[in-house]
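Asks: Sharing a structure below in structure tokens format, with a few things to ask.
The values are calculated or read from the model by the stated rules, or taken from the named source; none is laboratory data. Just so we're clear, the structure is a prediction, and the values are computed from it rather than from any experiment. Heads up, the Cβs are rebuilt from the backbone with ideal geometry, glycines too, and the neighbour counts pull from every protein chain shown. Only protein heavy atoms, including side chains, enter the accessible area calculation; ligands, DNA and RNA are left aside. Shrake-Rupley method; radii C 1.70, N 1.55, O 1.52, S 1.80 Å.
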Amino acid sequence: MSWKHGGRATIFMALSRAIESTAPVHKRLLYDPFAAAFLSPLFQKVVACCHYGPLRKITTTILQLRWPGAYTAAVARTRLIDDMIHDAVNNQGINQVIIINARLDTRAHRLKTTIPVQYVEVDLLESQLQKQEILFNVIPEQVTSIDYVPVDIHTQRLSSQMITHLQREYYKTLFLWEGVTSSLKAKEIDEFFEYVTRYPAGTQIILTYLHKAAVENPGEFRGFRSVSRTLGRKGEHFDFGMYPDTWTSIFNERNMQVNYDGGAGDYRRQYYKEAARHMKGYEYFRVVSAALK
């Protein structure tokens, strides 16, 4: 059963994780044994071929030519967020991770931490039901504690739908929301921030977003027009962005402190090292993290 919800961007992220997982242990940046289960039979065959190194190289080269920088950015960004969560749990006392618009996120099943973590996935009910059905067939035994909270953030207020026990004092929470890329989603940002500020000091947020310059001047960033057109044909729009230097004031107004803000060029250098010098494209896709003071 392939995935029916969430669009091309969601599928591409799963495809990227699945391909990267076929690389040898000493070369890959991440391992997601569940991602391929969400793909169509055709893409599953592509992933299977990628276990052979030369075919994996051909596949990633084709992706680079079609959507410059998208694959390496997706992999490095996923690894960055994985490491942020690992650090928050292992070193900063986070014991609850709430994932907004979880879609095909599999961190609850694949991340290994030194202490138990309560995961909460917030998404459309139909998405959650299909995801659980697919994972039931590939995960032999459920070992992670997950709450599934059905919410349509475009029509329902997050604060009115979330379970009150998520705010109990023994929880120290990290919120993750990937893909804040459309004006529709931007309308819910203030409501999201308002809800987050109800949590105690030390609560963390990780968001991914577009550099506003790419939205205002698509030709400024290599490959942006191609990616935007591809997604637009399926009703997915890159029409919301933020200038990086605006986050500090936005978070300060909400008694929050920015801990990280970087684009694909930054997190590719962090994980691909010298090889990142030759990786171009997708610099407009950024990650920001902050914490309540």
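Asks: Give the residue, chosen from I134, I98, I81, I94, that is in a helix (DSSP H, G or I), β-branched (V, I, T) and closer than 20 Å to V287 by Cβ.
Replies: I81 is the lone residue from the list that is in a helix (DSSP H, G or I), β-branched (V, I, T) and closer than 20 Å to V287 by Cβ.
Asks: Scanning region 111-130 for residues that are touching a residue at least 60 places away in the same chain (Cβ under 8 Å) and open to solvent by less than 30 Å² (accessible area, probe 1.4 Å), which turns out farthest from R8 (Cα to Cα)? Walk me through how you get there before you give the answer.
Replies: Here is the first cut: in region 111-130, the ones touching a residue at least 60 places away in the same chain (Cβ under 8 Å) are 124, 126-127, 130.
Among the residues that remain, those that are also open to solvent by less than 30 Å² (accessible area, probe 1.4 Å) are: 127, 130.
Working: S127: 15, Q130: 17 Å.
The residue in question is Q130.
Asks: Specify which of the listed residues (I19, I58) is open to solvent by 70 Å² or more (accessible area, probe 1.4 Å), at pLDDT 95 or above and aliphatic (A, V, I, L, M).
Replies: Matching residue, one of I19, I58: I58.
Asks: Is at least one residue of region 238-256 touching a helix residue (DSSP H, G or I) at 6+ places or on another chain (Cβ under 6 Å), over 23 Å from Q96 (Cβ atoms), aliphatic (A, V, I, L, M) and open to solvent by less than 70 Å² (accessible area, probe 1.4 Å)? Step through it out loud before you land on a result.
Replies: Residues of region 238-256 touching a helix residue (DSSP H, G or I) at 6+ places or on another chain (Cβ under 6 Å): 238-243, 254.
Next cut, over 23 Å from Q96 (Cβ atoms) only: 238-243.
The next check asks that each one be aliphatic (A, V, I, L, M); those that pass are 242.
From what's left, open to solvent by less than 70 Å² (accessible area, probe 1.4 Å): 242.
Within region 238-256, one or more residues are touching a helix residue (DSSP H, G or I) at 6+ places or on another chain (Cβ under 6 Å), over 23 Å from Q96 (Cβ atoms), aliphatic (A, V, I, L, M) and open to solvent by less than 70 Å² (accessible area, probe 1.4 Å).
Asks: Taking only pairs six or more apart or across chains, which ones have beta-carbon atoms under 7 Å, a first residue in region 217-228 that is at positive phi, and a second residue that is open to solvent by 40 Å² or more (accessible area, probe 1.4 Å)?
Replies: From region 217-228, the pairs are G223/W67.
Asks: Just name the residue that is nearest to T203 (Cα to Cα) out of those in region 257-273 that are open to solvent by less than 80 Å² (accessible area, probe 1.4 Å) and not in a helix (DSSP H, G or I).
Replies: Among them, the one singled out is V258.
Asks: Please verify whether G235 is outside any helix (DSSP H, G or I) and surrounded by fewer than 16 Cβ atoms within 10 Å (Cβ to Cβ), treating the condition exactly as stated. Break it down stepwise before answering.
Replies: On the way: outside any helix (DSSP H, G or I): yes; surrounded by fewer than 16 Cβ atoms within 10 Å (Cβ to Cβ): yes.
Yes, satisfied.
Asks: Checking the structure you have, find out if any residue of region 274-288 is open to solvent by 20 Å² or more (accessible area, probe 1.4 Å), assigned to a loop (DSSP other than H, G, I, E, B) and charged (D, E, K, R). Step through it out loud before you land on a result.
Replies: Taking region 274-288 and keeping what is open to solvent by 20 Å² or more (accessible area, probe 1.4 Å), we get 274-275, 277-280, 282-283, 286.
Imposing the further condition that a residue be assigned to a loop (DSSP other than H, G, I, E, B) reduces the set to 279-280, 282-283.
Checking which are charged (D, E, K, R) leaves us with 280, 283.
There is at least one residue in region 274-288 that is open to solvent by 20 Å² or more (accessible area, probe 1.4 Å), assigned to a loop (DSSP other than H, G, I, E, B) and charged (D, E, K, R).
Asks: I need every pair where a residue in region 36-52 that is under 22 Å from V25 (Cβ atoms) and in contact (Cβ under 8 Å) with a residue 24 or more places away in the chain has its Cβ under 6 Å from the Cβ of a residue that is open to solvent by 50 Å² or more (accessible area, probe 1.4 Å) and in a loop (DSSP other than H, G, I, E, B), sequence separation at least 6 or different chains.
Replies: Listed pairs, sorted by first residue: A37/V138.
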